[in-house]
Amino acid sequence: MNKNCAVILAAGEGTRMKTSKSKVLAQVLFVPMIDWVISAVRASGVEDICAVTGHLSEAVCAHLGDTCETVFQPQRLGTGHAVAQAKNFIASHIGGNVLVLNGDAPLIDAKTIIDALAFHVSNGNSATVISATVNDPTGYGRMVRGDGGLLERIVEQRDATDDEKKINEVNSGAYWFRCDALLGALDDVAAMGREKKEIYLTDAIEILLNNGKRADAFTAESADVILGANDRYQLMKLNEIARERILKENMLSGVDIPCTDGVIISPQAVIGTDTQIMPGTIITGATVIGSGCIIGPDTKLDSCTVGDGSVIDSSRCKNCTVGNNVTIGPFAHLRPGCVISDGVHAGNFVEVKNSTVGKKTKISHLTYIGDSDIGEGVNIGCGCATANYDGTRKFRTTVGNKAFIGCHTCLVAPVTVGEHAYTAAGSVVTQDVPDGTMAIARSRQSIKRKVRKYNED
Ligand code: UD1
Ligand code: CA
């Protein structure tokens, strides 16, 4: 059994973010920061995770659901105090190691975690601090090294001497500890904190070294892993770094992004080779896109599945499934619950909601399809609408295979148009149309012969 576990510190207030929400729920590429941290931990092979919540704990716990355990820190007395709230969790992993992370540093990655653990274990360390070398160390804890470059302690910005402030190797806030060593040090960490009025987890390093234990730093390859967001400007910077990272990953796996302007791709999205993502396209959630598609420009896909060879131009799609060789847009809106089959065309100013659309059906222009089941090979003319809502309840519309819905037809649900049936242009269809028939539901045209000439000078 893998005894290793992780504790994520997420109780802080994030005052500088100026938000009514929890800071760890602030989003990077539309994913809350704490989810990035959890994903990195999971990807490194650590299954058991405990988050320490405090400020706006209810919202954080509600967001986390059962993705991990949580413990409550009643007061924000410092990172050492936060970790102490997870004592029981850590004790249940004795014999293994605990990874401690900040919930507001989303760019930590699995490789750094794995490499740091290998370093930690092979050196028999009680504690391994993941550090990074940065140009501007302001605000971070500095790694104080003594003779021979050996780590001695971590000093926080506010306690550092002028010389110590010049050290540009900083603490990332991520550490591997042997569970027993960390538990053994927590009382001393709390005692040191009483002198400083804040309980620093970083003091555990000095305490362990003084007790003859091994503690060292593992320097991360990229300084990005340490970056946290204390305010919205830093949050934007994290977004920029993360955006570039995800776009690069996609490009290297065969996605064509000729210009990255305004392109944002979620870390959860999976996109096939030879698919082209055009400028202004935002792909969020666990969207899956096949190969050879053209998505964008100016398109937003949220939690959608798209097959191969489909084109989605200047459109919005949310919680939809789109098949192969489908063309959507320009300016179409697929709302949640749509299943669009292979070869469908939904053109400009078409809105589809909570509906299934069969293979090769064409809905080319200016049409609303809601709560409907549209068959295969149907043609829906320009300017049609399903009247699915009577002000209180919603009803479904069914259109059979190869039916032809004339321009400006209004299908008043619940109603069924049969296979190979027609509706005449301008019809308001309130009764079922049997297979192979034509419904004409409009007033007959009359001609008045004596009329004044229009626009005659
Ligand atoms: C901490 C480190 C610093 C490191 C930096 C990296 C300490 C004392 N300092 O400083 O060495 O360079 O992270 O970003 O650990 N939290 C709680 N409960 C608390 C206090 C904090 O859960 O009582 C959580 C916060 O929500 C946050 C994390 O711990 O996710 C770090 O706390 P923060 O106050 O941001 O520490 P830093 O000053 O950034
Ligand atoms: Ca911080």
Around Phe218, which amide H atoms from residues at least 5 apart in sequence, or from another chain, sit under 5 Å from its own amide H, with H modelled in the peptide plane? Val129, Ile130, Ser131
Three semi-axes of the equivalent ellipsoid, the chain, Cα gyration tensor, whole Å, largest first: 61, 21, 20
Tell me which lysines have Cα within less than 25 Å of Lys448's Cα, excluding those fewer than 8 residues away on the same chain? none
If you place +1 on the Cβ of every Lys and Arg, -1 on the Cβ of every Asp and Glu, and leave all else neutral, what size is the dipole of the chain about its Cα centre, to the nearest 20 Debye? 2200
Under a 1.4 Å probe, what is the accessible area of segment 376-455 per residue, stated in Å²? 68
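Of all accessible surface on the chain at a 1.4 Å probe, what whole percent is carbon and sulfur? Before the final figure, lay out each step's value.
Working: 10970 of 21840 Å².
Taking all protein chains in place, the chain shows 50 percent carbon and sulfur surface.
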What share of the DSSP beta bridges in the chain is antiparallel, in percent to the nearest 5? 20
Under-5 Å amide H pairs with Tyr368, H placed in peptide plane, nonlocal only: Glu351, Cys384, Ala385, Thr386
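The values are calculated or read from the model by the stated rules, or taken from the named source; none is laboratory data. Computed from a predicted structure; not experimentally measured. FYI the Cβ positions are ideal-geometry reconstructions off the backbone, even for glycines, and counts take in every protein chain you see. What goes into the accessible areas is simple: the full protein's heavy atoms, side chains included, and nothing from ligands, DNA or RNA. Shrake-Rupley method; radii C 1.70, N 1.55, O 1.52, S 1.80 Å.
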